[in-house]
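Have a look at the structure below, then the notes.
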Amino acid sequence: MSVETASFAVSWPGEQSTGTRALDQDQRLNRFLAEVERRALRIAEIGVRDRDEALDLVQDAMIKLASKYADRSSEEWAPLFYRILQNGVRDWHRRQAVRNRVMVWFGRARTDAEDYDPVASAPDPMGRTPDEELSTSQSMDSLASAVHALPARQREAFMLRTFEGLDVAGTAVAMGCSEGSVKTHYSRAIHSLRATLEET
Amino acid sequence: MKSSDEKFVDEAKALFDESVERLDAATLSTLNRNRHAALERARGARLQWLRWAPATGIAAVVIVAVMLALPGNGVDTIPSATSDVDILLGEESIEMLEDLEFYVWLDMQEDDVG
């Protein structure tokens, strides 16, 4: 009898069903991640304004979700996944702040002026309203810049509610705060964004 | 939420969805590759833990067996509550209980002699 046959012969039915369950779970997790990965990437990209960094952050979030929360019900995955991702984005900003301080020490700080995109930030020459502005093909860049400029908690609330479509409860789990705070941050984000886009 | 805010949110959502649809093939391919790598890594981490589970179980069983097998393992025997009731309901004189220390001492003396 070969080694493979022998090991199969002594496996218990319970083990096989556990293996099948794990396989099903992996497949469901794979489907879930495939469903959210593109939106997650764009959300992370708006948060850090760098695609490669955003790709890394999304992959880290995937690894953490699959390692720690794969056995949770699939309804919990979206808020948990975005909580991990938002934490990753926050950590990334902290690291950047430290790096910038170190670079200031060496006289090589990266300033906001270097990140400033004059085309994206230029006022609309046609004098359109915010709603009209959003309807043009270029407006995603303006929107992304405006969203990026929001305070972190408002940005998270806006992206999770509007872009990812999480409900208030799910957003509260993802942000690690109360539902009341989510409503406040979201409302302030909308007013702030409308005001910003009206100015440009 | 005001209707103007709702319209703004709807349009922002539409713009975002459109930008998601416009992601280039190279990025989509990287995402796909990263997802499979992430799942594989997580699966490997889970299996790594499971690989140690039988050894940990056996070690725990051996430790418990050794502790049980050792004589006088330091665990004090708690006297049964029923023994107290037996004493109280017994027909022996209650005075004997008052001189309990004496009887204990006497018992020890007899042990020493024996």
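The values are calculated or read from the model by the stated rules, or taken from the named source; none is laboratory data. Remember, predicted model here, so these are calculated numbers, not experimental data. Here Cβ is always computed from backbone atoms with ideal geometry, including for glycine, and neighbour counts include all displayed protein chains. Keep in mind that these areas ignore ligands, DNA and RNA; they rest on the heavy atoms of the full protein, side chains included. Shrake-Rupley method; radii C 1.70, N 1.55, O 1.52, S 1.80 Å.
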**Report entry** Where B meets A: accessible area buried, both sides, 1.4 Å probe, Å²
**Finding:** 3200
Requested in this report: Using only atoms on other chains, find how many Cβ atoms lie within 10 Å of each Cβ of peptide A:23-33 and report the average.
Outcome: 2
Requested in this report: Using R₀ = 22 Å, calculate the FRET efficiency as 1/(1 + (r/R₀)^6) where r is the Cβ-Cβ separation of A:Arg28 and B:Ala45; round to 0.05.
Outcome: 0.75
Requested in this report: Arrange the residues A:Trp92, A:Trp105 by how much accessible surface each exposes, largest first, with a 1.4 angstrom probe.
Outcome: A:Trp105, A:Trp92
Query raised in the report: If you add up the charges near A:Val182, with Lys and Arg at +1 and Asp and Glu at -1, over every other residue whose beta carbon is less than 12 angstrom from its beta carbon, what do you get?
Result: +1
Report summary line: Partner shielding of B:15-27, taken as the mean number of other chain Cβ atoms within 10 Å, equals 5
Report summary line: From highest to lowest solvent-accessible area (probe 1.4 Å; ligands, DNA and RNA excluded), B:Phe102, A:Phe158 read B:Phe102, A:Phe158
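How about the range A:37-86: which trypsin sites (Lys or Arg not before Pro) there lie in a loop by DSSP and see at most 14 other Cβ atoms within 10 Å?
Passing both the DSSP loop test and the Cβ count: A:Arg49, A:Arg72.
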Requested in this report: Could you tally the net charge around B:His36, taking each other residue with its Cβ under 14 Å from the Cβ of B:His36, Lys/Arg +1 and Asp/Glu -1?
Outcome: +2
Query raised in the report: Using a 1.4 Å probe, how large is the accessible area of B:His36, given in Å² and rounded to the nearest 10?
Result: 90
Requested in this report: Please work out the Cα center distance from the range A:23-41 to the range A:170-200, rounded to the nearest Å.
Outcome: 27
**Report entry** Surface accessible to a 1.4 Å probe, A:Ser74 within the full protein complex, Å²
**Finding:** 50
Query raised in the report: Averaged over peptide A:81-90, how many Cβ atoms belonging to another chain are found within 10 Å of each residue's Cβ?
Result: 0
